[in-house]
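> First, the structure itself, so that you have it in front of you.
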Amino acid sequence: MGKAIEEIARQRGHEIVLKIDLHNAGDFTAANLQKADVAIEFTGPGSAFNNVMKCLEYGVPLVCGSTGWQDKMEEARAYCKQQNGCFLYASNFSVGVNIFFEVNKRLASLMKDHQDYEIQLTEIHHTAKKDAPSGTAITLAEQVLERIPRKTKWANHISDNPEELEILSERIDPAPGTHKVKYSSGIDDIEIVHTAHTRKGFALGAVLAAEFLKGKKGIYSMKEVLGL
Ligand SMILES: NC(=O)c1ccc[n+]([C@@H]2O[C@H](COP(=O)([O-])OP(=O)(O)OC[C@H]3O[C@@H](n4cnc5c(N)ncnc54)[C@H](O)[C@@H]3O)[C@@H](O)[C@H]2O)c1
């Protein structure tokens, strides 16, 4: 993702003043970071929280796309408020997926009282992906749970518990990311699907988010960036 983001940022006329990866972690200092108008963080589940906290501590507006660290998200948001900082997290930066999120919310609202339909989410990604279910699938599941009272939590396996919303994770190569939400009854099925063809959509969305954050304070989402 770092390489894809760098390419798109340069194409859009931006300068990359600092690049950090595992090989030069020592360059991640306040003085170096503060040369940037905005930081973009895509590392992984084990490192995201520390990186986010450091960027907020150093007072640099931050776009974060690392998934798999939801358990620490509220702590990061609270620290952002305490620091009067600027933070945007998205489980998925692509324009298409953010439109898909809105369709998912609308469909869930329509299906709220239709108890005959069982609901299942499926996500398909490449085998190198470290977390399961995907952050995007968790967002989709949370949107369904907020609207359909007969489901109270998600489970990342086939489940006999009618209160659990199943998220099935498949890992195959190559797969930049597919997400399905399916409502099935004995009479018919309704299915919505988003399929990413390349990772460029995620990178473009992250750069659009960075452009949006420049000079701002507060906590934002892609909904605001894309005006959805
Ligand atoms: N939100 C989205 O739209 C979206 C899209 C694609 C991927 N992702 C997520 O972004 C993350 C990165 O994905 P990727 O495919 O680029 O992974 P990757 O493994 O290809 O690249 C991760 C990079 O982070 C660096 N890194 C790891 N730990 C670090 C640390 N502690 N400090 C500094 N650098 C560190 C590595 O050196 C590497 O260059 C994953 O969590 C993935 O799920 C999110």
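Every read-out reported here was derived from the displayed coordinates using simple, explicitly stated rules and does not represent laboratory data. All of these numbers come straight from a predicted model, not from anything done at the bench. Every residue, glycine as well, gets a Cβ built from its backbone with ideal geometry; the counts of neighbours run over all protein chains shown.
> Net charge near Lys200: determine it from the other residues with C-beta under 13 Å of the C-beta of Lys200, scoring Lys and Arg +1 and Asp and Glu -1.
+1
> Give me a comma-separated list of calculated 3J(HN,Hα) values for the stretch 149-161, in order, Karplus coefficients 6.51, -1.76, 1.60 applied at θ = phi - 60°, integers in Hz, x for any Gly or Pro.
Rounded to whole hertz, the list is x, 6, 10, 10, 7, 9, 9, 8, 6, 5, 9, 8, 7.
> Cβ neighbours within 10 Å, averaged per peptide: list 45-58, 12-25, 105-118 in order, most packed at the top.
45-58, 105-118, 12-25
> Rg and Dmax of the chain, Cα atoms, in Å?
Just the Cα atoms of the chain yield Rg and Dmax of 18.5, 62 Å.
> Also: Holding the Cα-Cα limit at 21 Å, pick out from Lys19/Lys72; Lys35/Lys223; Lys153/Lys180; Lys72/Lys216; Lys151/Lys182 the pairs that are longer than that.
Over 21 Å apart, Cα to Cα: Lys19/Lys72; Lys35/Lys223; Lys72/Lys216.
> Find out how many positive minus negative residues lie around Ala128, taking Lys and Arg as positive, Asp and Glu as negative, among other residues whose Cβ is under 10 Å from that of Ala128.
Surrounding charge for Ala128 is +2.
> Now for a different question. Along the Cα→Cβ direction, 7 angstrom out, place labels at Lys182 and Lys112. What is the inter-label distance in nm?
2.6 nm
> Separate question: When you count, for each residue, the other Cβ atoms within 10 Å and take the mean per peptide, how do 216-227, 199-210 rank with the highest first?
Output ranking for 216-227, 199-210: 199-210, 216-227.
> For the chain, list the DSSP H helices whose alpha carbon atoms reach 15 Å or more along the long axis and whose average Kyte-Doolittle value is -1.0 or above?
The answer, listed by residue number, is 95-111, 135-147, 200-213.
> So, with +1 on the Cβ of K and R and -1 on the Cβ of D and E, and no other charges, what is the size of the charge dipole of the stretch 121-228 about its Cα centre, to the nearest 20 debye?
640 debye
> Show me the ranking of peptides 175-188, 129-142 by mean Cβ neighbours inside 10 Å, starting with the highest.
129-142, 175-188
> Right, something else. With point charges of +1 on the Cβ of Lys and Arg and -1 on the Cβ of Asp and Glu, referenced to the Cα centre of the stretch 70-209, which listed residue (Ser109, His197, Leu88) lies farthest in the positive direction of the dipole?
Leu88
> Net charge near Val60, counting Lys/Arg +1 and Asp/Glu -1 over other residues with Cβ under 10 Å of its Cβ?
Combined, the nearby Lys, Arg, Asp and Glu give 0.
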